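What follows is calculated from the coordinates using simple rules that are stated; it is not laboratory data. Please read these numbers as outputs of a predicted model, since none were measured by experiment. With ideal geometry, Cβ positions are generated from the backbone for all residues, glycine too; neighbour counts draw on all protein chains shown.
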Amino acid sequence: MKEAYFWCYPWDLLDEGPDLALDRIAGEIGAQSISIATTYHSVAQFRPHAADAPARFVSESAAHFQPNASAYSATRIRPIPASWMKSRNPLERIAECCRSRNVALRAWLIACHGTALAARYPDAACKDAFGNRSTSWLCPANPDVREFVAGLAADLTTNYPIAAIELESPDFDSNPHTHAHEKIGLNLGPIERLLLALCFCESCVQSANDADIDAAAVHRSVRVHLAPTIAGEPPRTTTTIDFLASDGALQAYAQHRTHSIRAFVTAVRRRTKTPIFVHAPYSPDLAGWNPADLAQHCDGFIFPAWTESPDSRRARLAQLVAAAGSPDRVHLGFYCYPPQTADGPALVRAVHDAVSAGHSTIGFYNYGIAPNAGLDWARQAIRFARRDR
Ligand SMILES: [Zn+2]
């Protein structure tokens with residue numbers, strides 16, 4: 001194993017004391033690096049070991065560092081600094097503590113998912129076939145969104161000793177949710193979910209038209225395809241592939257989204273020389289995501305190895321490794337708490353298997369969420385993987 005790291009929230013490190021927390025993460029548990037949330041979606045976290053008594057942390061989506069305005073001159077979108085920081089800059093202190101301990105610092109950057117940004121910049125948010133704006137997702141095809149996230153990457157890597165950027169959600173919403181209690185009385189299958197997830201914002205329409213795809217015709221046909229669903233019909237039983245194959249323009253429109261995502265990652269790449277790793281989305285079909293289109297424009301992928309059934313996980317991982325060209329370029333992430341990981345031996349086994357298959361960078365999720373027992377599972381998994389190879 002080349003690198004073991006922990007995903008961390010800055011507020012957890014700050015409340016515990018970054019020196020103490022890093023002594024534990026690096027010294028006791030044995031990780032060499034941390035990935036710190038620099039921008040994050042809204043969160044309500046239960047913190048089992050934050051202080052003397054378990055605590056909760058709640059925040060609207062925000063930037064969890066103090067942005068430098070000069071990095072955002074190419075976009076009208078500005079980061080929204082989290083209110084819990086007040087005038088402090090937690091990233092500065094954490095970076096200093098990492099530097100003094102020789103712990104590498106990764107910047108975990110949530111790109112398009114954020115309710116506060118969607119509320120402040122609604123015309124940059126995704127728009128469905130019925131004209132409804134997303135309240136939680138900015139559109140990756142929108143040039144302002146692209147330059148905003150590229151600005152974040154430039155800001156972070158210019159002003160802090162960042163060893164790698166983790167780009168999460170530089171794509172379309174693959175897990176559509178509004179952060180409100182969702183009320184849908186329709187029978188949705190994978191095809192209907194895809195039709196509802198397609199974005200028809202001005203940027204997506206323009207980009208498709210530029211590629212000689214008739215966006216207006218696709219827009220019309222999506223509404224026609226969804227009419228029976230909205231009338232209460234059951235979901236379609238054909239596969240998504242077969243369904244798209246029956247409507248050439250729709251298929252081209254759905255596939256074109258990967259070009260927008262590639263342009264997005266390329267824009268970030270232009271603003272920083274720091275290695276960029278892209279998180280694989282929960283549902284590539286809904287996200288419009290194709291790793292083969294991205295592999296040349298980033299340094300690798302991060303795969304959350306907990307998300308699916310073993311069979312589909314294996315298939316997706318094989319696809320990522322094929323696109324990346326090597327398992328070494330696919331970093332794997334594991335929960336260190338149940339139910340995604342049942343117990344310590346399960347984590348030890350999973351990490352051992354991953355390292356044996358050539359995945360030399362392993363992430364553990366998440367320092368402030370895991371109970372103390374889960375942190376010990378990670379310590380055992382790291383020790384076992386090191387002894388093994
Ligand atoms: Zn769009």
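Looking across the range 95-129, the residues that are more than 22 Å from the chain's Cα centre (by Cα), in a loop (DSSP other than H, G, I, E, B) and more than 14 Å from the ligand (Cβ to nearest atom) come down to Asn102, Val103.
Residues in the range 194-225 that are in a helix (DSSP H, G or I), within 23 Å of the chain's Cα centre (by Cα) and either surrounded by fewer than 17 Cβ atoms within 10 Å (Cβ to Cβ) or within 10 Å of the ligand (Cβ to nearest atom) (or both): Ser203, Cys204.
Quick check on my filter: what residues within the range 2-38 are among the polar types (S, T, N, Q) and under 25 Å from Pro67 (Cα atoms)?
Here is the first cut: in the range 2-38, the ones among the polar types (S, T, N, Q) are 32-33, 35, 38.
Matches in the range 2-38: Ser33, Ser35, Thr38.
Residues that are assigned to a helix (DSSP H, G or I) and without any contact (Cβ under 8 Å) to a residue 40 or more places away in the chain occur at least once in the range 61-82. Looking only at the range 149-193, residues that are within 18 Å of His297 (Cβ to Cβ), more than 16 Å from the ligand (Cβ to nearest atom) and outside any helix (DSSP H, G or I) come to 5 in all.
Residue-by-condition table, conditions (1) touching a Gly at 6+ places or on another chain (Cβ under 8 Å); (2) polar (S, T, N, Q); (3) over 17 Å from Glu28 (Cβ atoms); (4) not in a loop (DSSP other than H, G, I, E, B):
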{"site": "Ala315", "(1), (2), (3), (4)": "no, no, yes, yes"}
{"site": "His331", "(1), (2), (3), (4)": "yes, no, yes, yes"}
{"site": "Pro339", "(1), (2), (3), (4)": "no, no, yes, no"}
{"site": "Ala346", "(1), (2), (3), (4)": "no, no, yes, yes"}
{"site": "Ala350", "(1), (2), (3), (4)": "no, no, yes, yes"}
{"site": "Asp353", "(1), (2), (3), (4)": "no, no, yes, yes"}
{"site": "Phe364", "(1), (2), (3), (4)": "yes, no, no, yes"}
{"site": "Tyr367", "(1), (2), (3), (4)": "no, no, no, no"}
{"site": "Phe384", "(1), (2), (3), (4)": "no, no, no, yes"}
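Residues in the range 48-60: is at least one surrounded by 21 or more Cβ atoms within 10 Å (Cβ to Cβ) and in contact (Cβ under 8 Å) with a residue 24 or more places away in the chain? Step through it out loud before you land on a result.
Restricting attention to the range 48-60, the residues satisfying the condition of being surrounded by 21 or more Cβ atoms within 10 Å (Cβ to Cβ) are none.
Scanning the range 48-60, I find no residue that is surrounded by 21 or more Cβ atoms within 10 Å (Cβ to Cβ) and in contact (Cβ under 8 Å) with a residue 24 or more places away in the chain, so the answer is no.
Taking every residue in the range 200-220 that is of a type in the set (D, E, K, R) and pairing it with any residue that is within 9 Å of the ligand (Cβ to nearest atom) and not in a helix (DSSP H, G or I), at least 6 positions away or on another chain, yields no pair with a Cβ-Cβ distance below 6 Å.
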